[in-house]
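Structure first, then comments.
The values are calculated or read from the model by the stated rules, or taken from the named source; none is laboratory data. The model shown is predicted, which means the values in this text are computed figures rather than measured ones. Reconstructed Cβ throughout: ideal geometry from the backbone, glycine too, with neighbour counts over all protein chains shown.
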């Protein structure tokens, strides 16, 4: 699919990215983090880059686990679509039909609806599966100090 951008669109995108990218790098370098809160899993790869030179291995591992779960659950369905669907295929078709109609309602131009749908459906499935994995106890450890954890717990769960 080829996008036909006008000269004004190209100039706008060029100016936008020429301004946005340097601001993003400057903001990432000037952030100071609080001491000891949420620092348990952070690894500095390139300390000079600020936030862009840090990585959280737990986030990377859980992202790969999420991708693996999505592939295990949905790859067999995509491999063999049947004219008379089974339960898994019907459920997946229902979800994808809902996402596609939502995307078509938001984007009136039919040329852009399908590419946006593929991105939106991918992000939607990734976020849903990662949130469901985060609900499993013991999978995700909250990297905060005990005092903050207890205060958050006491604010949301009242006990006699």
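What to note about this one:
- Looking at 23, 61, just one residue is assigned to a helix (DSSP H, G or I), at pLDDT 80 or above and over 29 Å from residue 115 (Cβ atoms), and that residue is 61.
- Within region 99-115, at least one residue is within 26 Å of residue 24 (Cβ to Cβ), surrounded by 13 or more Cβ atoms within 10 Å (Cβ to Cβ) and modelled with pLDDT of 85 or more.
- All conditions but one from (1) more than 30 Å from residue 4 (Cβ to Cβ); (2) at pLDDT below 90; (3) part of a helix (DSSP H, G or I) apply to residue 127; the one that does not is (2).
- Residue selection: residue 83 fails the criterion of being outside any helix (DSSP H, G or I) and under 25 Å from residue 2 (Cβ atoms).
- Filtered by the rule that a residue be under 20 Å from residue 132 (Cα atoms) and modelled with pLDDT of 85 or more, region 64-86 gives 64, 65, 66, 67, 68, 69, 70, 71, 72.
- Pair list, Cβ < 9 Å and 6+ apart or interchain, from region 92-112 residues that are in a helix (DSSP H, G or I) to residues that are loosely packed, with under 13 Cβ neighbours inside 10 Å: 92/78; 93/81; 104/110; 111/1; 111/3; 112/1; 112/3
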